[in-house]
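The values are calculated or read from the model by the stated rules, or taken from the named source; none is laboratory data. Computed from a predicted model, the values in this text were never measured in an experiment. Here Cβ is always computed from backbone atoms with ideal geometry, including for glycine, and neighbour counts include all displayed protein chains.
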Number of protein chains: 2
Amino acid sequence: MTKRKLETCFSPALYEAEGHTNSIVVIIDILRASSAICTAFANGAVSIIPVPEVAEARDYKSKGYLVAAERNGFVLDFADFGNSPFNFTKEKVSGKTIVFSTTNGTGIIKLASSAFMTVIGSFLNIGALTKWLIKQDKDVLLLCAGWKKRFNIEDTVCAGAIADILMRSNRYTTNCDSTSASIDLWSLASPDLPGYIEKAAQRTRLRDKNLDDCIKFCLTPDFTDKIPVMKNGVLVADI
Amino acid sequence: MTKRKLETCFSPALYEAEGHTNSIVVIIDILRASSAICTAFANGAVSIIPVPEVAEARDYKSKGYLVAAERNGFVLDFADFGNSPFNFTKEKVSGKTIVFSTTNGTGIIKLASSAFMTVIGSFLNIGALTKWLIKQDKDVLLLCAGWKKRFNIEDTVCAGAIADILMRSNRYTTNCDSTSASIDLWSLASPDLPGYIEKAAQRTRLRDKNLDDCIKFCLTPDFTDKIPVMKNGVLVADI
């Protein structure tokens with residue numbers, strides 16, 4: 001069986017769309033957008049409409065949609081809630097369509113729209129996601145959201161954890177320095193993941209805004225087996 | 001004493017010039033441009049004129065300059081030699097001005113031209129460079145050349161080695177995930193640096209072109225105490 005190519009991209013600013021039209025792109029923004037999206041589907045959300053612009057999110061709200069929207073960690077005034085995974089409870093989201101707009105995450109989903117397929121990854125769905133990826137038998141690009149287009153530790157370590165599982169399956173090949181580095185950083189982080197994430201700049205940013213209560217949860221492996229997949233501009237759960 | 005800010009940038013595509021007008025930018029492109037430049041000054045070169053465009057390099061050649069120019073590892077037909085450090089021997093470069101144009105390195109020097117100062121870093125001058133940086137008492141940005149704007153292992157590990165020394169001096173502070181990650185990757189690489197660099201994609205690229213003979217040399221610490229500094233568009237040795 002031909003091995004599939006595995007690559008990692010540390011920032012949307014480094015994403016080369018033309019190289020991935022035949023790849024599955026896994027978007028990783030674990031603090032907090034991709035963790036929140038996985039939690040929403042775990043708790044029964046039907047679909048999520050990602051919108052990059054605030055004005056668009058506001059428009060959806062006026063049409064009666066449930067809207068999760070924040071900028072720089074702060075909930076926008078018209079929104080129902082922000083992007084802490086703890087907001088996406090069964091009571092609030094089960095059976096619902098949610099409009100979702102965050103600082104980083106949703107713009108990246110649009111960026112990757114020319115890929116063969118776009119899915120959402122986090123520690124929360126890592127086991128199911130990696131099994132699902134292997135089953136698809138396609139090239140994979142792990143796309144880290146980073147922070148304001150910069151490299152960040154937490155998404156890189158999650159990419160490394162995913163890459164580590166994929167490479168161990170013996171179904172992928174990589175000649176990508178970002179993939180090697182992320183696996184190495186994961187090897188350093190994995191013995192004490194919360195301790196390692198302490199040094200992430202985003203950890204400090206969230207703490208300064210009292211938004212760090214969900215970090216431990218976001219580092220939990222296998223909370224759900226849902227794979228959020230982009231179909232016709234909307235995220236739905238593949239499983 | 002106020003601590004100075006230390007940051008690291010993994011790719012020219014992530015460089016934010018406006019944030020570094022008051023910083024010393026250290027350009028790191030160890031396989032092979034920044035190693036070659038350090039070697040040239042160690043062997044008595046008077047100055048190096050970096051030119052990003054092939055046409056400009058050709059023009060200099062027609063004016064009688066010594067020209068080092070390559071693209072993708074191959075020496076350009078009109079050039080005296082390419083950018084292997086082994087070309088920059090005392091016999092060839094002592095007392096000379098060299099025009100230098102490479103795939104990655106020289107374009108980045110232009111990119112960083114709005115910084116307070118631009119210098120060239122590599123393992124070959126790491127001890128002298130870090131002492132010199134501490135003495136300047138300025139914010140520092142370590143700018144990795146990467147490969148075709150992508151992240152690469154070898155420049156990141158060298159940035160980590162430099163950052164590790166600077167942070168241990170207790171004169172710098174960092175809240176930059178790239179710096180933390182590069183120091184961690186250096187900690188993994190340092191026990192066997194040539195072994196670690198084996199996995200770098202550029203290692204494979206150079207081997208495929210039989211250009212890998214200089215890699216071990218490029219990983220040698222403290223071959224020279226010269227600090228190539230950009231002054232009025234030309235590199236000269238500060239020490």
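Here B:Asp59, B:Asp29 are screened, and the one residue that is buried (at least 24 other Cβ atoms within 10 Å of the Cβ) and of a type in the set (Asp, Glu) is B:Asp29. Of all the criteria given as (1) buried (at least 19 other Cβ atoms within 10 Å of the Cβ); (2) not in a helix (DSSP H, G or I), the one not satisfied by A:Val229 is (1).
Filtering A:Ala79, A:Ala36, A:Ala42 for residues that are without any contact (Cβ under 8 Å) to a residue 40 or more places away in the chain and either buried (at least 17 other Cβ atoms within 10 Å of the Cβ) or within 28 Å of A:Asp164 (Cβ to Cβ) (or both) leaves a single hit, A:Ala79. Listed conditions (1) farther than 27 Å from B:Lys5 by Cβ; (2) facing chain A (nearest Cβ under 9 Å) are all met by B:Asp177, apart from (1).
Matching residues to (1) over 16 Å from B:Met230 (Cβ atoms); (2) at pLDDT below 95:
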residue: B:Ala33; (1), (2): no, yes
residue: B:Cys38; (1), (2): no, no
residue: B:Gly44; (1), (2): yes, no
residue: B:Ser47; (1), (2): no, no
residue: B:Glu56; (1), (2): yes, yes
residue: B:Tyr60; (1), (2): yes, no
residue: B:Lys63; (1), (2): yes, no
residue: B:Ile108; (1), (2): no, yes
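Among helices (runs of 4 or more DSSP H) entirely within the stretch B:1-108, having at least 1 residues that are closer than 26 Å to B:Ile134 by Cβ singles out B:33-42. Considering the conditions (1) within 14 Å of chain A (Cβ to nearest Cβ); (2) in contact (Cβ under 8 Å) with a residue 12 or more places away in the chain, B:Gly73 is excluded by exactly one of them, (1). Just one of the listed residues (A:Thr173, A:Thr179, A:Thr130) is surrounded by fewer than 17 Cβ atoms within 10 Å (Cβ to Cβ) and either in contact with a His (Cβ under 9 Å, 6 or more places away or on another chain) or of a type in the set (Val, Ile, Thr) (or both), namely A:Thr173.
With the requirement that a residue be without any contact (Cβ under 8 Å) to a residue 60 or more places away in the chain and within 14 Å of chain A (Cβ to nearest Cβ), what does the stretch B:199-215 give you?
Passing the criteria: B:Lys199, B:Ala201, B:Thr204, B:Arg207, B:Asp208.
Against the numbered list (1) modelled with pLDDT of 95 or more; (2) of a type in the set (S, T, N, Q); (3) closer than 28 Å to A:Lys199 by Cβ, A:Thr103 comes up short only at (1).
Taking the stretch B:13-26 as the range and being surrounded by fewer than 19 Cβ atoms within 10 Å (Cβ to Cβ) and either of a type in the set (A, V, I, L, M) or closer than 19 Å to B:Thr102 by Cβ (or both) as the test, the residues that pass are B:Ala13, B:Ala17. Could you go through the stretch B:221-228 and let me know if any residue there is in contact with a strand residue (DSSP E or B) (Cβ under 7 Å, 6 or more places away or on another chain), closer than 18 Å to B:Thr39 by Cβ and not basic (Lys, Arg). There is at least one residue in the stretch B:221-228 that is in contact with a strand residue (DSSP E or B) (Cβ under 7 Å, 6 or more places away or on another chain), closer than 18 Å to B:Thr39 by Cβ and not basic (Lys, Arg).
Here B:Leu143 does not fit the description of being in a helix (DSSP H, G or I), at pLDDT 95 or above and crowded, with 24+ Cβ neighbours inside 10 Å.
Count of the stretch A:144-172 residues, restricted to those that are away from chain B (no Cβ under 12 Å) and of a type in the set (Val, Ile, Thr), is 2. If only residues of the stretch A:183-195 that are more than 9 Å from chain B (Cβ to nearest Cβ) and not hydrophobic (A, V, I, L, M, F, W, C) are counted, the one that is nearest to B:Asn152 (Cα to Cα) is A:Ser190. Condition first: out of contact with any helix residue (DSSP H, G or I) (no Cβ under 8 Å at 6 or more places or on another chain) and either outside any helix (DSSP H, G or I) or within 13 Å of another protein chain (Cβ to nearest Cβ) (or both). Now tell me which residues in the stretch B:111-140 satisfy that. Selection gives B:Asp137, B:Lys138.
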